[in-house]
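Here's the structure, in C-alpha coordinates; my notes come after.
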Amino acid sequence: MQYANDNNQTNNLATGLFCAIGPLRSPLCRLLLPCRLLLPTVALFALLFAMACPNAYADVRKADVVLGATVEAQGLTLADCPSVEAEYAILMDQNGNVFFERNADAPTQIASITKIMTAVTALDSVPTDTIIEVSENAAYIGESTAYLQPGDSMKLSDALVAMLVPSGNDSAQAIAESVGAVMLQAEGADSSDLNACCDRFVAAMNAKSAELGLSDTVWAYPHGLDDGIFDREQHSTARDVAKISAYAMQKQAIRDIVSQSHATCEIIRYGETIVGEFDSTDQILESYEGACGIKTGYTDLAGACFAGACNRGIDLYAIALNSVDEWVRFEDVMAVWDWFYSHGVDVPLATSDTLVVDTSGNTVPLVARVPAAAWMDKTIDATIADPDATVRVFDIQGNVSQEAEYDNPGGYVHAGDIVGKITYRQRNKVVAVADLVAVQDVPSPNILEAITIWWNRLIGGFFDDARMAEPQLLNQMPTINDKSAQS
(Lines give C-alpha, C1' and ligand atoms only; values in the text may rest on other atoms or scores of the structure.)
Protein backbone atom coordinates (compact mmCIF):
# COMPACT_ATOMS: atom_id res chain seq x y z
CA MET A 1 0.00 0.00 0.00
CA GLN A 2 1.21 3.52 -0.74
CA TYR A 3 0.18 6.84 0.70
CA ALA A 4 0.12 9.84 -1.56
CA ASN A 5 0.39 12.28 0.78
CA ASP A 6 0.53 10.68 3.92
CA ASN A 7 -1.97 10.47 6.68
CA ASN A 8 0.57 10.34 9.50
CA GLN A 9 1.48 6.73 10.23
CA THR A 10 3.56 7.43 13.34
CA ASN A 11 1.19 8.71 15.93
CA ASN A 12 2.55 7.07 19.06
CA LEU A 13 5.87 7.76 20.73
CA ALA A 14 7.37 4.33 20.33
CA THR A 15 6.58 4.03 16.63
CA GLY A 16 7.82 7.56 16.02
CA LEU A 17 11.10 6.79 17.76
CA PHE A 18 11.57 3.62 15.72
CA CYS A 19 11.18 5.77 12.59
CA ALA A 20 13.57 8.42 13.86
CA ILE A 21 16.48 6.26 15.03
CA GLY A 22 18.32 4.76 12.07
CA PRO A 23 20.40 2.14 13.94
CA LEU A 24 17.26 0.62 15.47
CA ARG A 25 16.00 -0.47 12.06
CA SER A 26 17.11 -4.07 12.40
CA PRO A 27 15.33 -7.45 12.13
CA LEU A 28 15.31 -7.69 15.92
CA CYS A 29 13.62 -4.32 16.26
CA ARG A 30 11.05 -5.22 13.65
CA LEU A 31 10.24 -8.31 15.70
CA LEU A 32 9.91 -6.26 18.86
CA LEU A 33 7.69 -3.60 17.32
CA PRO A 34 4.47 -5.66 17.41
CA CYS A 35 5.09 -6.60 21.04
CA ARG A 36 3.08 -3.90 22.67
CA LEU A 37 4.09 -4.87 26.20
CA LEU A 38 7.69 -4.08 25.32
CA LEU A 39 7.01 -0.78 23.57
CA PRO A 40 7.46 1.51 26.61
CA THR A 41 10.82 -0.05 27.41
CA VAL A 42 11.95 0.04 23.79
CA ALA A 43 10.75 3.62 23.42
CA LEU A 44 12.77 4.69 26.46
CA PHE A 45 15.85 2.97 25.08
CA ALA A 46 15.35 4.66 21.71
CA LEU A 47 14.99 8.06 23.35
CA LEU A 48 18.19 7.58 25.35
CA PHE A 49 20.02 6.42 22.25
CA ALA A 50 18.82 9.44 20.29
CA MET A 51 20.06 11.77 23.03
CA ALA A 52 23.43 10.05 23.09
CA CYS A 53 23.76 9.94 19.29
CA PRO A 54 22.20 13.12 17.91
CA ASN A 55 23.99 12.70 14.58
CA ALA A 56 22.75 9.19 13.85
CA TYR A 57 21.46 10.47 10.52
CA ALA A 58 24.49 12.61 9.70
CA ASP A 59 24.95 12.61 5.92
CA VAL A 60 27.23 15.12 4.25
CA ARG A 61 28.51 14.20 0.78
CA LYS A 62 31.55 15.50 -1.05
CA ALA A 63 29.38 16.13 -4.11
CA ASP A 64 26.89 18.27 -2.18
CA VAL A 65 26.92 21.83 -3.53
CA VAL A 66 27.21 24.68 -1.01
CA LEU A 67 26.94 28.21 -2.36
CA GLY A 68 27.76 27.17 -5.91
CA ALA A 69 30.69 24.79 -5.36
CA THR A 70 31.03 21.25 -4.09
CA VAL A 71 31.94 20.44 -0.51
CA GLU A 72 35.06 18.69 -1.76
CA ALA A 73 36.19 21.58 -3.96
CA GLN A 74 35.87 24.06 -1.09
CA GLY A 75 37.44 21.81 1.51
CA LEU A 76 34.51 22.36 3.85
CA THR A 77 34.26 20.52 7.14
CA LEU A 78 31.21 18.53 8.22
CA ALA A 79 30.29 21.36 10.58
CA ASP A 80 30.22 23.77 7.62
CA CYS A 81 27.56 21.75 5.78
CA PRO A 82 23.95 20.78 6.35
CA SER A 83 23.37 17.11 7.08
CA VAL A 84 20.40 15.59 5.28
CA GLU A 85 19.26 12.09 4.44
CA ALA A 86 17.19 12.93 1.37
CA GLU A 87 18.55 11.75 -1.96
CA TYR A 88 17.46 14.99 -3.65
CA ALA A 89 17.46 18.34 -1.87
CA ILE A 90 17.78 22.09 -2.32
CA LEU A 91 17.58 25.30 -0.31
CA MET A 92 16.46 28.38 -2.22
CA ASP A 93 15.19 31.80 -1.15
CA GLN A 94 12.31 33.81 -2.56
CA ASN A 95 14.66 35.59 -4.98
CA GLY A 96 15.91 32.37 -6.52
CA ASN A 97 19.27 32.32 -4.72
CA VAL A 98 20.40 28.74 -4.10
CA PHE A 99 22.45 28.00 -0.98
CA PHE A 100 22.57 24.21 -0.89
CA GLU A 101 21.75 21.42 -3.31
CA ARG A 102 22.07 17.67 -3.71
CA ASN A 103 21.13 16.02 -7.01
CA ALA A 104 18.81 19.00 -7.47
CA ASP A 105 18.39 18.49 -11.22
CA ALA A 106 17.90 14.72 -11.21
CA PRO A 107 14.33 13.67 -12.14
CA THR A 108 12.39 11.76 -9.50
CA GLN A 109 8.89 11.03 -8.28
CA ILE A 110 7.46 13.66 -5.91
CA ALA A 111 4.17 12.03 -4.78
CA SER A 112 1.61 14.49 -3.38
CA ILE A 113 3.88 17.50 -3.75
CA THR A 114 2.20 17.36 -7.18
CA LYS A 115 -0.80 18.99 -5.51
CA ILE A 116 1.03 22.31 -5.29
CA MET A 117 0.93 22.53 -9.08
CA THR A 118 -2.69 21.38 -9.07
CA ALA A 119 -3.55 24.28 -6.77
CA VAL A 120 -1.53 26.77 -8.84
CA THR A 121 -3.10 25.66 -12.13
CA ALA A 122 -6.62 25.83 -10.73
CA LEU A 123 -6.15 29.30 -9.24
CA ASP A 124 -4.60 30.61 -12.45
CA SER A 125 -7.49 29.21 -14.52
CA VAL A 126 -10.79 29.89 -12.75
CA PRO A 127 -12.22 32.08 -9.93
CA THR A 128 -12.09 30.76 -6.37
CA ASP A 129 -15.91 30.53 -6.22
CA THR A 130 -15.98 28.03 -9.11
CA ILE A 131 -18.04 25.00 -8.04
CA ILE A 132 -16.12 21.74 -7.75
CA GLU A 133 -18.21 18.58 -8.18
CA VAL A 134 -17.12 15.28 -6.66
CA SER A 135 -17.62 12.32 -8.99
CA GLU A 136 -17.59 8.65 -7.97
CA ASN A 137 -14.21 8.39 -9.67
CA ALA A 138 -12.86 11.20 -7.49
CA ALA A 139 -14.48 10.04 -4.24
CA TYR A 140 -13.17 6.49 -4.58
CA ILE A 141 -9.71 7.23 -5.98
CA GLY A 142 -8.20 5.93 -2.76
CA GLU A 143 -5.14 6.37 -0.56
CA SER A 144 -4.87 9.73 1.25
CA THR A 145 -8.35 11.23 1.44
CA ALA A 146 -10.47 14.16 2.57
CA TYR A 147 -13.42 11.74 2.94
CA LEU A 148 -15.47 13.34 0.19
CA GLN A 149 -18.52 11.51 -1.12
CA PRO A 150 -19.98 11.18 -4.62
CA GLY A 151 -22.30 14.11 -5.27
CA ASP A 152 -20.52 16.48 -2.88
CA SER A 153 -19.85 19.96 -4.15
CA MET A 154 -17.92 22.95 -2.85
CA LYS A 155 -16.23 26.13 -3.95
CA LEU A 156 -12.72 25.86 -5.32
CA SER A 157 -11.46 27.75 -2.26
CA ASP A 158 -12.85 24.97 -0.03
CA ALA A 159 -11.65 22.19 -2.33
CA LEU A 160 -8.11 23.57 -2.08
CA VAL A 161 -8.28 23.21 1.70
CA ALA A 162 -9.44 19.59 1.36
CA MET A 163 -6.59 18.90 -1.05
CA LEU A 164 -3.66 20.73 0.56
CA VAL A 165 -4.21 20.27 4.30
CA PRO A 166 -5.04 16.53 4.65
CA SER A 167 -3.62 15.84 1.18
CA GLY A 168 -6.92 14.63 -0.25
CA ASN A 169 -6.48 12.72 -3.49
CA ASP A 170 -10.26 12.82 -3.85
CA SER A 171 -10.26 16.62 -3.80
CA ALA A 172 -7.34 16.82 -6.24
CA GLN A 173 -9.16 14.61 -8.73
CA ALA A 174 -12.40 16.56 -8.29
CA ILE A 175 -10.59 19.85 -8.92
CA ALA A 176 -8.98 18.49 -12.08
CA GLU A 177 -12.26 17.13 -13.44
CA SER A 178 -14.29 20.25 -12.65
CA VAL A 179 -11.75 22.88 -13.72
CA GLY A 180 -10.87 20.80 -16.79
CA ALA A 181 -14.57 20.80 -17.71
CA VAL A 182 -14.65 24.59 -17.48
CA MET A 183 -11.62 24.77 -19.77
CA LEU A 184 -13.18 22.47 -22.35
CA GLN A 185 -16.47 24.37 -22.27
CA ALA A 186 -14.63 27.66 -22.82
CA GLU A 187 -12.99 26.06 -25.87
CA GLY A 188 -16.33 24.83 -27.21
CA ALA A 189 -15.35 21.20 -26.65
CA ASP A 190 -17.29 18.30 -25.13
CA SER A 191 -16.94 18.20 -21.33
CA SER A 192 -19.09 15.14 -20.64
CA ASP A 193 -16.15 12.73 -20.37
CA LEU A 194 -14.52 13.16 -16.95
CA ASN A 195 -11.31 11.51 -18.12
CA ALA A 196 -11.07 14.04 -20.93
CA CYS A 197 -11.69 16.83 -18.43
CA CYS A 198 -8.89 15.57 -16.20
CA ASP A 199 -6.55 15.22 -19.18
CA ARG A 200 -7.31 18.82 -20.18
CA PHE A 201 -6.42 20.01 -16.70
CA VAL A 202 -3.18 18.02 -16.66
CA ALA A 203 -2.28 19.59 -20.01
CA ALA A 204 -2.72 22.97 -18.32
CA MET A 205 -0.40 21.81 -15.51
CA ASN A 206 2.29 20.99 -18.06
CA ALA A 207 1.73 24.31 -19.83
CA LYS A 208 2.18 26.09 -16.50
CA SER A 209 5.47 24.22 -16.00
CA ALA A 210 6.72 25.53 -19.33
CA GLU A 211 5.59 29.03 -18.39
CA LEU A 212 7.53 28.86 -15.11
CA GLY A 213 10.65 27.61 -16.89
CA LEU A 214 10.77 24.25 -15.14
CA SER A 215 13.60 22.25 -16.64
CA ASP A 216 12.55 18.63 -16.14
CA THR A 217 8.98 18.29 -14.90
CA VAL A 218 6.21 16.18 -16.43
CA TRP A 219 2.69 15.78 -14.99
CA ALA A 220 0.36 12.86 -15.71
CA TYR A 221 -2.13 13.16 -12.80
CA PRO A 222 -3.27 15.92 -10.42
CA HIS A 223 -2.68 13.98 -7.19
CA GLY A 224 0.74 12.32 -7.30
CA LEU A 225 -0.19 8.62 -7.19
CA ASP A 226 2.35 6.77 -9.29
CA ASP A 227 1.78 3.00 -9.39
CA GLY A 228 -0.79 0.52 -10.65
CA ILE A 229 -3.27 2.29 -12.92
CA PHE A 230 -1.36 5.52 -12.30
CA ASP A 231 1.94 4.18 -13.63
CA ARG A 232 2.65 6.78 -16.30
CA GLU A 233 5.56 9.08 -17.04
CA GLN A 234 5.56 11.83 -14.43
CA HIS A 235 8.42 13.36 -12.47
CA SER A 236 10.03 16.57 -11.29
CA THR A 237 13.27 17.72 -9.67
CA ALA A 238 14.15 19.33 -6.37
CA ARG A 239 15.02 22.59 -8.16
CA ASP A 240 11.75 22.62 -10.07
CA VAL A 241 9.79 21.89 -6.89
CA ALA A 242 11.48 24.87 -5.21
CA LYS A 243 10.44 27.09 -8.12
CA ILE A 244 6.87 25.77 -8.00
CA SER A 245 6.73 26.34 -4.24
CA ALA A 246 8.04 29.89 -4.54
CA TYR A 247 5.45 30.69 -7.21
CA ALA A 248 2.65 29.09 -5.22
CA MET A 249 3.49 30.97 -2.03
CA GLN A 250 3.07 34.26 -3.86
CA LYS A 251 -0.63 33.42 -3.94
CA GLN A 252 -2.25 34.47 -0.68
CA ALA A 253 -4.99 31.85 -1.06
CA ILE A 254 -2.41 29.05 -1.02
CA ARG A 255 -0.24 30.70 1.63
CA ASP A 256 -3.19 31.05 4.00
CA ILE A 257 -4.19 27.41 3.57
CA VAL A 258 -0.82 25.68 3.93
CA SER A 259 0.17 27.69 7.01
CA GLN A 260 -2.65 26.13 9.04
CA SER A 261 -2.10 23.07 11.19
CA HIS A 262 -5.88 22.64 11.40
CA ALA A 263 -8.36 23.89 8.82
CA THR A 264 -12.03 23.66 7.89
CA CYS A 265 -14.01 23.90 4.69
CA GLU A 266 -17.68 23.92 3.70
CA ILE A 267 -19.09 21.02 1.69
CA ILE A 268 -22.57 20.77 0.18
CA ARG A 269 -23.86 17.24 0.78
CA TYR A 270 -27.43 16.19 -0.01
CA GLY A 271 -28.43 19.85 -0.20
CA GLU A 272 -27.05 20.76 3.23
CA THR A 273 -23.83 22.50 4.23
CA ILE A 274 -21.49 20.46 6.38
CA VAL A 275 -18.09 21.43 7.74
CA GLY A 276 -15.06 19.33 6.97
CA GLU A 277 -12.27 19.50 9.56
CA PHE A 278 -8.72 18.50 8.72
CA ASP A 279 -5.33 18.26 10.41
CA SER A 280 -2.32 19.13 8.30
CA THR A 281 0.17 16.47 7.27
CA ASP A 282 2.86 19.13 7.87
CA GLN A 283 3.98 18.24 11.40
CA ILE A 284 6.35 21.17 12.05
CA LEU A 285 4.04 24.13 11.46
CA GLU A 286 3.71 24.90 15.16
CA SER A 287 7.08 23.65 16.37
CA TYR A 288 9.64 25.32 14.08
CA GLU A 289 9.98 29.10 14.17
CA GLY A 290 8.85 30.64 10.90
CA ALA A 291 7.52 27.42 9.34
CA CYS A 292 4.62 28.32 7.04
CA GLY A 293 3.97 25.33 4.74
CA ILE A 294 3.90 23.94 2.18
CA LYS A 295 3.36 20.23 1.22
CA THR A 296 4.26 16.70 2.18
CA GLY A 297 4.33 13.60 -0.01
CA TYR A 298 4.85 9.85 0.18
CA THR A 299 4.63 6.91 -2.16
CA ASP A 300 6.70 3.75 -2.37
CA LEU A 301 8.43 5.07 -5.49
CA ALA A 302 8.94 8.65 -4.30
CA GLY A 303 9.80 7.85 -0.72
CA ALA A 304 9.16 10.44 1.97
CA CYS A 305 9.08 13.97 0.55
CA PHE A 306 8.57 17.47 1.87
CA ALA A 307 8.53 20.91 0.27
CA GLY A 308 8.93 23.25 3.23
CA ALA A 309 8.63 27.03 3.51
CA CYS A 310 10.01 29.11 6.35
CA ASN A 311 9.93 32.88 6.82
CA ARG A 312 12.01 34.84 9.31
CA GLY A 313 12.12 37.93 7.15
CA ILE A 314 12.36 36.26 3.74
CA ASP A 315 10.89 33.03 2.38
CA LEU A 316 13.25 30.05 2.39
CA TYR A 317 12.22 26.96 0.44
CA ALA A 318 13.79 23.68 1.53
CA ILE A 319 12.99 20.64 -0.58
CA ALA A 320 13.72 17.07 0.55
CA LEU A 321 12.79 14.24 -1.84
CA ASN A 322 13.18 10.51 -1.25
CA SER A 323 14.18 10.81 2.39
CA VAL A 324 14.45 7.93 4.85
CA ASP A 325 10.97 8.11 6.35
CA GLU A 326 8.07 10.40 7.10
CA TRP A 327 9.70 12.11 10.08
CA VAL A 328 13.24 12.37 8.73
CA ARG A 329 11.97 14.38 5.74
CA PHE A 330 11.06 17.11 8.28
CA GLU A 331 14.43 16.76 9.99
CA ASP A 332 16.13 17.19 6.61
CA VAL A 333 14.30 20.42 5.92
CA MET A 334 14.88 21.77 9.42
CA ALA A 335 18.56 20.87 9.13
CA VAL A 336 19.10 23.07 6.09
CA TRP A 337 17.12 25.90 7.64
CA ASP A 338 19.16 25.62 10.85
CA TRP A 339 22.34 25.62 8.77
CA PHE A 340 21.26 28.75 6.91
CA TYR A 341 20.32 30.65 10.05
CA SER A 342 23.40 29.57 12.02
CA HIS A 343 25.93 30.48 9.31
CA GLY A 344 24.25 33.59 7.94
CA VAL A 345 25.82 36.89 9.03
CA ASP A 346 24.45 40.38 8.42
CA VAL A 347 27.53 42.47 7.66
CA PRO A 348 27.16 46.28 7.94
CA LEU A 349 28.39 48.19 4.90
CA ALA A 350 29.25 51.37 6.80
CA THR A 351 31.52 50.51 9.75
CA SER A 352 33.59 53.63 10.37
CA ASP A 353 33.81 54.77 13.99
CA THR A 354 34.27 58.38 12.86
CA LEU A 355 30.95 60.21 12.82
CA VAL A 356 29.89 63.43 11.09
CA VAL A 357 26.69 65.43 10.96
CA ASP A 358 25.07 65.86 7.56
CA THR A 359 23.10 68.87 6.35
CA SER A 360 19.88 67.37 7.73
CA GLY A 361 21.35 67.14 11.22
CA ASN A 362 21.73 63.35 11.10
CA THR A 363 24.83 61.73 12.56
CA VAL A 364 26.30 59.33 10.00
CA PRO A 365 29.53 57.32 9.72
CA LEU A 366 32.31 59.04 7.79
CA VAL A 367 33.14 56.27 5.34
CA ALA A 368 35.63 58.08 3.08
CA ARG A 369 37.26 61.39 2.26
CA VAL A 370 37.07 61.88 -1.50
CA PRO A 371 39.44 64.30 -3.28
CA ALA A 372 37.73 67.44 -4.61
CA ALA A 373 39.22 67.85 -8.08
CA ALA A 374 38.64 71.61 -8.11
CA TRP A 375 40.95 71.99 -5.12
CA MET A 376 44.51 70.97 -4.34
CA ASP A 377 44.05 70.27 -0.66
CA LYS A 378 40.39 69.64 0.00
CA THR A 379 38.44 66.42 0.34
CA ILE A 380 34.73 65.69 0.44
CA ASP A 381 33.36 63.93 3.49
CA ALA A 382 31.32 60.97 2.24
CA THR A 383 29.15 58.22 3.64
CA ILE A 384 27.21 55.53 1.80
CA ALA A 385 23.71 56.15 0.45
CA ASP A 386 22.13 53.99 3.17
CA PRO A 387 24.36 54.10 6.27
CA ASP A 388 22.26 51.35 7.89
CA ALA A 389 22.57 48.92 4.96
CA THR A 390 23.77 45.37 5.54
CA VAL A 391 24.49 42.40 3.33
CA ARG A 392 23.77 38.84 4.41
CA VAL A 393 26.63 36.47 3.74
CA PHE A 394 27.76 33.07 4.99
CA ASP A 395 30.60 32.98 7.47
CA ILE A 396 31.96 29.78 5.93
CA GLN A 397 32.79 31.78 2.80
CA GLY A 398 35.25 33.96 4.66
CA ASN A 399 35.52 37.69 5.27
CA VAL A 400 34.07 40.46 3.13
CA SER A 401 36.53 42.80 1.41
CA GLN A 402 35.90 46.28 0.07
CA GLU A 403 37.25 48.34 -2.82
CA ALA A 404 36.56 52.06 -3.19
CA GLU A 405 36.42 54.00 -6.45
CA TYR A 406 36.45 57.80 -6.30
CA ASP A 407 34.93 60.12 -8.90
CA ASN A 408 37.10 63.09 -7.78
CA PRO A 409 34.32 65.54 -8.67
CA GLY A 410 35.12 69.08 -9.72
CA GLY A 411 33.06 72.24 -9.36
CA TYR A 412 30.47 72.75 -6.66
CA VAL A 413 29.66 69.52 -4.79
CA HIS A 414 26.31 69.39 -2.99
CA ALA A 415 25.39 67.18 -0.07
CA GLY A 416 23.87 63.99 -1.45
CA ASP A 417 25.88 64.06 -4.70
CA ILE A 418 27.40 60.70 -5.67
CA VAL A 419 31.18 61.00 -5.42
CA GLY A 420 32.21 57.35 -5.82
CA LYS A 421 31.27 53.83 -4.87
CA ILE A 422 32.38 50.90 -2.73
CA THR A 423 32.25 47.32 -4.02
CA TYR A 424 32.08 44.53 -1.46
CA ARG A 425 33.30 41.02 -2.30
CA GLN A 426 33.41 37.64 -0.63
CA ARG A 427 35.63 35.04 -2.30
CA ASN A 428 35.94 37.42 -5.26
CA LYS A 429 32.16 37.42 -5.71
CA VAL A 430 30.44 40.78 -5.55
CA VAL A 431 27.95 40.69 -2.68
CA ALA A 432 27.03 44.40 -2.54
CA VAL A 433 27.73 47.78 -4.13
CA ALA A 434 27.08 51.08 -2.34
CA ASP A 435 27.28 54.63 -3.65
CA LEU A 436 29.48 57.10 -1.80
CA VAL A 437 27.56 60.33 -1.27
CA ALA A 438 28.75 63.72 -0.09
CA VAL A 439 27.78 64.53 3.48
CA GLN A 440 28.11 68.32 3.16
CA ASP A 441 28.38 70.99 0.49
CA VAL A 442 31.86 71.76 -0.86
CA PRO A 443 31.80 75.05 -2.83
CA SER A 444 34.00 75.48 -5.89
CA PRO A 445 36.97 77.91 -5.71
CA ASN A 446 36.37 81.60 -6.41
CA ILE A 447 38.15 83.25 -9.36
CA LEU A 448 41.34 84.16 -7.53
CA GLU A 449 41.53 80.73 -5.88
CA ALA A 450 40.91 79.02 -9.20
CA ILE A 451 43.70 81.01 -10.91
CA THR A 452 46.13 80.19 -8.10
CA ILE A 453 45.26 76.48 -8.26
CA TRP A 454 45.61 76.52 -12.04
CA TRP A 455 49.03 78.15 -11.88
CA ASN A 456 50.34 75.78 -9.21
CA ARG A 457 49.19 72.79 -11.21
CA LEU A 458 50.67 74.19 -14.39
CA ILE A 459 54.14 74.61 -12.99
CA GLY A 460 53.92 71.37 -11.01
CA GLY A 461 52.47 69.25 -13.77
CA PHE A 462 48.78 69.67 -14.52
CA PHE A 463 48.04 65.97 -14.62
CA ASP A 464 50.10 65.06 -11.57
CA ASP A 465 47.74 63.30 -9.14
CA ALA A 466 49.95 64.60 -6.32
CA ARG A 467 48.46 68.04 -7.01
CA MET A 468 45.21 66.81 -5.36
CA ALA A 469 44.51 65.63 -1.83
CA GLU A 470 44.91 61.93 -1.15
CA PRO A 471 41.71 59.86 -0.77
CA GLN A 472 41.06 58.19 2.56
CA LEU A 473 38.93 55.12 3.20
CA LEU A 474 37.94 55.05 6.86
CA ASN A 475 35.70 52.00 6.58
CA GLN A 476 37.09 48.80 8.13
CA MET A 477 35.28 45.55 7.38
CA PRO A 478 34.70 43.31 10.41
CA THR A 479 36.19 39.83 10.74
CA ILE A 480 33.42 37.27 10.35
CA ASN A 481 35.46 34.09 9.90
CA ASP A 482 38.84 34.21 11.60
CA LYS A 483 40.56 31.09 10.24
CA SER A 484 43.66 31.76 12.34
CA ALA A 485 41.61 31.62 15.52
CA GLN A 486 40.27 28.20 14.51
CA SER A 487 43.66 26.61 13.81
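Residues checked against (1) under 26 Å from the mean Cα position of the chain (by Cα); (2) of a type in the set (A, V, I, L, M, F, W, C); (3) surrounded by 13 or more Cβ atoms within 10 Å (Cβ to Cβ); (4) outside the structural domain of N169 (by TED's automatic domain parsing):
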position: R200; (1), (2), (3), (4): no, no, yes, no
position: L225; (1), (2), (3), (4): yes, yes, yes, no
position: S245; (1), (2), (3), (4): yes, no, yes, no
position: E277; (1), (2), (3), (4): no, no, no, no
position: C292; (1), (2), (3), (4): yes, yes, yes, no
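When you scan the range 57-97, how many residues do you find that are surrounded by fewer than 14 Cβ atoms within 10 Å (Cβ to Cβ), part of a loop (DSSP other than H, G, I, E, B) and of a type in the set (D, E)? Residues flagged as surrounded by fewer than 14 Cβ atoms within 10 Å (Cβ to Cβ), part of a loop (DSSP other than H, G, I, E, B) and of a type in the set (D, E) within the range 57-97 amount to 0. For the range 264-286, a residue qualifies if it is acidic (D, E) and either touching a strand residue (DSSP E or B) at 6+ places or on another chain (Cβ under 8 Å) or touching a residue at least 12 places away in the same chain (Cβ under 8 Å) (or both), and the qualifying residues are E266, E277, D279, D282, E286. Selection of the range 103-118 for residues being crowded, with 24+ Cβ neighbours inside 10 Å and not in a loop (DSSP other than H, G, I, E, B) yields A111, S112, I113, T114, K115, I116, M117, T118. Among residues of the range 93-113 that are assigned by TED's automatic domain parsing to the domain that holds C81, those with a beta-carbon under 9 Å from a residue that is of a type in the set (K, R) at least six positions away or on a different chain give the pairs G96/K243; V98/R239; E101/R239; R102/R61; A104/R239; D105/R239; S112/K295; I113/K295.
Only one entry of N311, N362 meets the criterion of being surrounded by fewer than 20 Cβ atoms within 10 Å (Cβ to Cβ) and touching a Gly at 6+ places or on another chain (Cβ under 8 Å), and that entry is N311.
Could you list, in sequence order, all residues of the range 405-415 that are outside any strand (DSSP E or B) and either surrounded by fewer than 15 Cβ atoms within 10 Å (Cβ to Cβ) or not assigned by TED's automatic domain parsing to the domain that holds V442 (or both)? G410, G411, Y412, H414 - these are the residues of the range 405-415 that are outside any strand (DSSP E or B) and either surrounded by fewer than 15 Cβ atoms within 10 Å (Cβ to Cβ) or not assigned by TED's automatic domain parsing to the domain that holds V442 (or both).
Looking at the structure I just gave you, is Q402 assigned to a loop (DSSP other than H, G, I, E, B), of a type in the set (S, T, N, Q) and closer than 21 Å to V364 by Cα?
Numbers: assigned to a loop (DSSP other than H, G, I, E, B): no; of a type in the set (S, T, N, Q): yes; closer than 21 Å to V364 by Cα: yes.
Considered against the rule, which asks whether it is assigned to a loop (DSSP other than H, G, I, E, B), of a type in the set (S, T, N, Q) and closer than 21 Å to V364 by Cα, Q402 comes out as no.
Are any of the residues in the range 116-128 at pLDDT below 95 and in contact with a Leu (Cβ under 8 Å, 6 or more places away or on another chain)? Talk me through it step by step, then tell me what you get.
Here is the first cut: in the range 116-128, the residues at pLDDT below 95 are none.
Scanning the range 116-128 turns up no residue that is at pLDDT below 95 and in contact with a Leu (Cβ under 8 Å, 6 or more places away or on another chain).
Of all residues in the range 442-456, which are loosely packed, with under 11 Cβ neighbours inside 10 Å and either in a helix (DSSP H, G or I) or over 60 Å from the mean Cα position of the chain (by Cα) (or both)? Spell out how you get there, then give the answer.
Initially, the range 442-456 is screened for residues loosely packed, with under 11 Cβ neighbours inside 10 Å, giving 446-448, 455.
Answer for the range 442-456, where residues must be loosely packed, with under 11 Cβ neighbours inside 10 Å and either in a helix (DSSP H, G or I) or over 60 Å from the mean Cα position of the chain (by Cα) (or both): I447, L448, W455.
Scanning the range 370-399 for residues that are modelled with pLDDT under 90, part of a loop (DSSP other than H, G, I, E, B) and over 21 Å from Q472 (Cβ atoms) returns a single hit, G398. Applying a threshold of 9 Å to beta carbon distances and a minimum spacing of six or more residues, or different chains, the list of pairs starting in the range 394-408 at a residue that is in contact (Cβ under 8 Å) with a residue 60 or more places away in the chain and ending at one that is basic (K, R) and assigned to a loop (DSSP other than H, G, I, E, B) reads Q397/R427; G398/R427.
Among the conditions (1) of a type outside the set (K, R); (2) within 30 Å of T452 (Cβ to Cβ); (3) in a loop (DSSP other than H, G, I, E, B); (4) in contact with a Pro (Cβ under 7 Å, 6 or more places away or on another chain), V419 misses just one, which is (3). Checked against (1) assigned to a loop (DSSP other than H, G, I, E, B); (2) touching a residue at least 40 places away in the same chain (Cβ under 8 Å), D129 passes all but a single condition, namely (2). Evaluation of F100 against the conditions (1) buried (at least 20 other Cβ atoms within 10 Å of the Cβ); (2) aromatic (F, W, Y); (3) in contact with a Gly (Cβ under 8 Å, 6 or more places away or on another chain) shows that the sole unmet condition is (3). Every condition in (1) touching a helix residue (DSSP H, G or I) at 6+ places or on another chain (Cβ under 6 Å); (2) exposed (fewer than 15 other Cβ atoms within 10 Å of the Cβ); (3) polar (S, T, N, Q) is met by S191 except one, and the failing one is (2).
The values are calculated or read from the model by the stated rules, or taken from the named source; none is laboratory data. These numbers were taken from a predicted model, which means no experiment stands behind them. FYI the Cβ positions are ideal-geometry reconstructions off the backbone, even for glycines, and counts take in every protein chain you see.
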